[in-house]
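Visitor: Have a look at this one.
The values are calculated or read from the model by the stated rules, or taken from the named source; none is laboratory data. The shown structure was predicted, so the numbers you read here are calculated from the model rather than taken from an experiment. All Cβ positions, even for glycine, are placed from backbone atoms using ideal geometry, and neighbour counts span all protein chains on display.
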Ligand code: 6PG
C-alpha cells in the first residue's frame, strides 16, 4: 500500500494536519476498541506531538482519553528527572491530569533489566487482542535521525541485544546518538503496528524521506514500514525535496 503523504509549508500547517489525523484516528479507534495504544518517539517529538494531541483532547475530552495509553517507542536509560528522559519531556508538556495515560518506564542501572521490565509493561498494559504473538500498537509516531535511524535502531545495528525469548523490546548499550544506553521497540514490533506516522522536517533529512518513500531498506526508518498497516508521512517542504515524483 502506498504511504499517504502530507507536505506542510510551516509548523502551523503541520500541526493542523497532525491534529486532524490524530482526531480522525482516535475517534475511529476508540469506536473499535476499549483501550487504544499509541507509541511515541523522543527527540523533537514530545513538542510536536503534545501540541497536536493536547488540541485534540480538548475536542474529544468527552470521548474519553482515559481509554488511551501512551508508550515510549524508545527511551533513554535514565531516571525520569533527567533532562534526557523522553517520558520526562512528555510529562513536562502534558497537564498533570493526563499523566496517567503514559505507561511508566522502569529505570534500572542495567539497561537489560530496564528493557526486560519494559517488555513486561507492554504485556501488562496492552489488551490480549493487541498481543497476538507480538505487541500490535494501534498507532506509532516515529521520528527519524539524519543517519536514517528511527526509535533507537541505528544503521548497521538493527539486531538488538535481546532481553528474553520474545523480540518486542531490545536493549542498546552503545547508541551513536547520546545518551548511549537505551531501550527500544524492535523493528519487528514496529513493523506490526496498525498505523505508523513519521513526522520529519528539515533538508538534512530529505534523503531519508526519499529512502522511506522508495523503500530503500538500507535505512532502519525505511524498514519500519508496517507490514499490514497504514503508513503516513508528515513532512515539511524541505524534507519533501527527497521525494522527486510523489
Ligand atoms: C530519541 C528518539 C529518536 C528520535 C530521532 C529524531 O530518543 O533520540 O526517539 O529516535 O526520534 O533521533 O530526533 P529529532 O526529532 O530530535 O531529530
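Matching residues to (1) within 30 Å of residue 181 (Cβ to Cβ); (2) within 16 Å of the ligand (Cβ to nearest atom):
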position	(1), (2)
45	yes, yes
57	no, no
80	yes, yes
98	yes, no
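Visitor: Still on this structure, please answer the following. Scan 208, 134, 153 and give me the residue that is touching a helix residue (DSSP H, G or I) at 6+ places or on another chain (Cβ under 7 Å) and more than 16 Å from the ligand (Cβ to nearest atom). Full working, then the answer.
Guide: Values: 208 fails: more than 16 Å from the ligand (Cβ to nearest atom); 153 fails: more than 16 Å from the ligand (Cβ to nearest atom).
Among 208, 134, 153, only 134 is touching a helix residue (DSSP H, G or I) at 6+ places or on another chain (Cβ under 7 Å) and more than 16 Å from the ligand (Cβ to nearest atom).
Visitor: (1) surrounded by fewer than 20 Cβ atoms within 10 Å (Cβ to Cβ); (2) away from the ligand (no atom under 13 Å from the Cβ); (3) at pLDDT 95 or above: which one isn't true of residue 139, the others all being true?
Guide: With respect to (1) surrounded by fewer than 20 Cβ atoms within 10 Å (Cβ to Cβ); (2) away from the ligand (no atom under 13 Å from the Cβ); (3) at pLDDT 95 or above, residue 139 is out only on (1).
Visitor: State all residues of the range 188-212 that are more than 18 Å from the chain's Cα centre (by Cα) and in a helix (DSSP H, G or I); if no residue qualifies, say none.
Guide: 203, 204, 206, 207, 210, 211
Visitor: Still on this structure: For the range 92-115, state whether one or more residues are in a strand (DSSP E or B), modelled with pLDDT of 95 or more and crowded, with 17+ Cβ neighbours inside 10 Å. Write out each step before concluding.
Guide: Narrowing the range 92-115 to residues in a strand (DSSP E or B): 102.
This time we only want the ones that are modelled with pLDDT of 95 or more, so: 102.
Remaining after also requiring crowded, with 17+ Cβ neighbours inside 10 Å: 102.
Yes, there is a match, as at least one residue in the range 92-115 is in a strand (DSSP E or B), modelled with pLDDT of 95 or more and crowded, with 17+ Cβ neighbours inside 10 Å.
Visitor: Let me ask you something else. So which residues in the range 160-187 are assigned to a loop (DSSP other than H, G, I, E, B), within 12 Å of the ligand (Cβ to nearest atom) and under 17 Å from residue 109 (Cβ atoms)?
Guide: Passing the criteria: 175, 179, 180, 181.
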